[in-house]
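K.L.:
One structure follows; several queries about it will come next.
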Amino acid sequence: MNPLSFIKKDIILASKSPRRQQLLKDLGLEFTIVTKEVDEVYPPHLKKEEVALFLSKLKADAFQPDLKENQLVITSDTIVCLEDKIIGKPKDREDAFNMLSDLSGKMHEVITAVTLTSLEKQVSFFVVTEVYFKMLTNFEIDYYINNYQPFDKAGSYGIQEWIGYIGIEKIAGSYFNVMGLPVKELYDELEKF
């Protein structure tokens, strides 16, 4: 019996990300996937952690009008920050190349905010992981972009892909957070919820 089988709500994962879907499945949760289009715009004065929280809640708010009593919606947002600059998803190949060049040889932060929403309550939290890249060569960056097409990923990379194998020297914090869902912290929050 799954330790989370006490959750009697119908869980909705509001994410198109195959990585988030797989992580939630591997956690042993049954869920349906429902996404709503949200204009991911945030006030410019927000700090980086606040941006992730704001966007996660914004996605959750889109479900409020239709939420039923037995439902629990999980929304999240992952941002990549180099110093104080937020790096989103790349617009094109050149943008992806520039992002990876900027991250090369440096430490950056990956911040994922998660919001759990039911009719009764809403809880949000965020997790920060530090990721240290080695100096990447142009050849390595080109190879990665050509073979892995990381255009749907914040920061232009997936830690679980080739570039993570050869380029990441160390991380401080949750590996799964960098994949897009801090699973251990989500488990803890679901237990309390």
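The numbers here are math on the coordinates, done by the rules we state, and not lab data. Just so it is clear, the structure is predicted and the values come from calculations on it, not from any experiment. All Cβ positions, even for glycine, are placed from backbone atoms using ideal geometry, and neighbour counts span all protein chains on display.
K.L.:
Be a star and scan region 150-175 for residues whose amide nitrogen sits under 18 Å from the point 7 Å along the Cα-to-Cβ vector of E49.
P.N.:
The answer is 172-175, whose backbone nitrogens lie closer than 18 Å to the label point.
K.L.:
Another question, then. Please find the FRET efficiency linking D84 to I166, where r is the Cβ-Cβ separation and R0 is fixed at 30 Å, and quote it to the nearest 0.05. Let's see the in-between values first.
P.N.:
Numbers: r = 28 Å, r/R0 = 0.93.
The calculated FRET efficiency here is 0.60.
K.L.:
Can I ask one more? Considering only Cα-Cα distances, which of the following residue pairs are longer than 21 Å: K85/K106; K57/K121; K16/K106? Walk me through the numbers before you get to the answer.
P.N.:
On the way: K85/K106 13 Å; K57/K121 12 Å; K16/K106 29 Å.
Among K85/K106; K57/K121; K16/K106, the Cα-Cα distance tops 21 Å for K16/K106.
K.L.:
R0 = 25 Å: FRET efficiency of E30 with D152, Cβ-based, nearest 0.05? Don't skip to the end; give the middle numbers.
P.N.:
Numbers: r = 25 Å, r/R0 = 1.00.
Plugging the Cβ-Cβ distance into 1/(1 + (r/R0)^6) gives 0.50.
K.L.:
Roughly how many Å is it from the Cα centre of region 1-80 to that of region 140-193, as a whole number?
P.N.:
First find each Cα centre; the distance between them is then 17 Å.
K.L.:
Considering the options Y42, N177, V73, tell which one lies farthest towards the positive end of the dipole of region 10-192, charges being +1 on Lys and Arg and -1 on Asp and Glu at the Cβ, about the Cα centre.
P.N.:
Farthest along the dipole direction, towards plus: N177.
K.L.:
Over the chain, what portion of Cα pair distances is larger than 22 Å, expressed as a whole percent?
P.N.:
On the way: 8746 of 18528 pairs.
In whole percent, the share of Cα-Cα pairs in the chain beyond 22 Å is 47.
K.L.:
Round to the nearest 0.05 the FRET efficiency obtained for V38 and M135 when R0 = 41 Å and r is the Cβ-Cβ distance.
P.N.:
So the FRET efficiency works out to roughly 0.65.
K.L.:
Any chance you could run the full-extension gain for V123 through I7? It's 0.36 nm times the residue separation minus the Cα-Cα distance, nm to one decimal.
P.N.:
On the way: separation 116, 0.36 × 116 = 41.76 nm, distance 1.55 nm.
Length gained, V123 through I7: 40.2 nm.
K.L.:
Further question on the same structure: Quick check: residue separation of D95 and Q22 times 0.36 nm, minus the Cα distance between them. What number comes out in nm? Intermediate values should be presented prior to the final figure.
P.N.:
Numbers: separation 73, 0.36 × 73 = 26.28 nm, distance 2.75 nm.
Stretched out fully, the D95 to Q22 stretch lengthens by 23.5 nm.
K.L.:
Roughly how big is region 16-173's charge dipole about its Cα centre, with Cβ charges of +1 (Lys, Arg) and -1 (Asp, Glu), in debye to the nearest 20?
P.N.:
Numbers: 19 positive and 25 negative charges, 41 e Å.
It works out to roughly 200 debye.
K.L.:
Over the Cα atoms of region 148-193, what is the Rg over Rh ratio if Rh follows Kirkwood?
P.N.:
Numbers: Rg = 12.9 Å, Rh = 12.0 Å.
Using Cα coordinates only, the ratio equals 1.08.
K.L.:
Please identify the trypsin sites (Lys or Arg not before Pro) of region 53-159 that satisfy two criteria: DSSP loop assignment and at most 14 other Cβ atoms within 10 Å. Which are they?
P.N.:
Details: sites: K57, K59, K68, K85, K91, R93, K106, K121, K134, K153; in loops: K68, K91, K106, K121, K134, K153.
Sparse-neighbourhood loop trypsin sites (Lys or Arg not before Pro): K68, K91, K106, K121, K134.
K.L.:
Hey, another quick one. For the cross-link pairs K47/K68; K36/K170; K47/K89, which exceed 26 Å when the distance is taken from alpha carbon to alpha carbon? Can you show the working numbers first?
P.N.:
Details: K47/K68 33 Å; K36/K170 35 Å; K47/K89 19 Å.
From the list (K47/K68; K36/K170; K47/K89), the Cα-Cα distance tops 26 Å for K47/K68; K36/K170.
K.L.:
Full-extension gain between D66 and K192, please, as 0.36 nm times their residue separation minus the C-alpha to C-alpha distance.
P.N.:
Result for the pair: 43.0 nm of gain on full extension.
K.L.:
Another one. Can you run phi through the Karplus equation (6.51, -1.76, 1.60; θ = phi - 60°) for region 42-51 and list ³J(HN,Hα) in whole Hz, with x for Gly and Pro?
P.N.:
Ordered by residue, 3J(HN,Hα) equals 10, x, x, 7, 5, 6, 4, 5, 5, 5 Hz.
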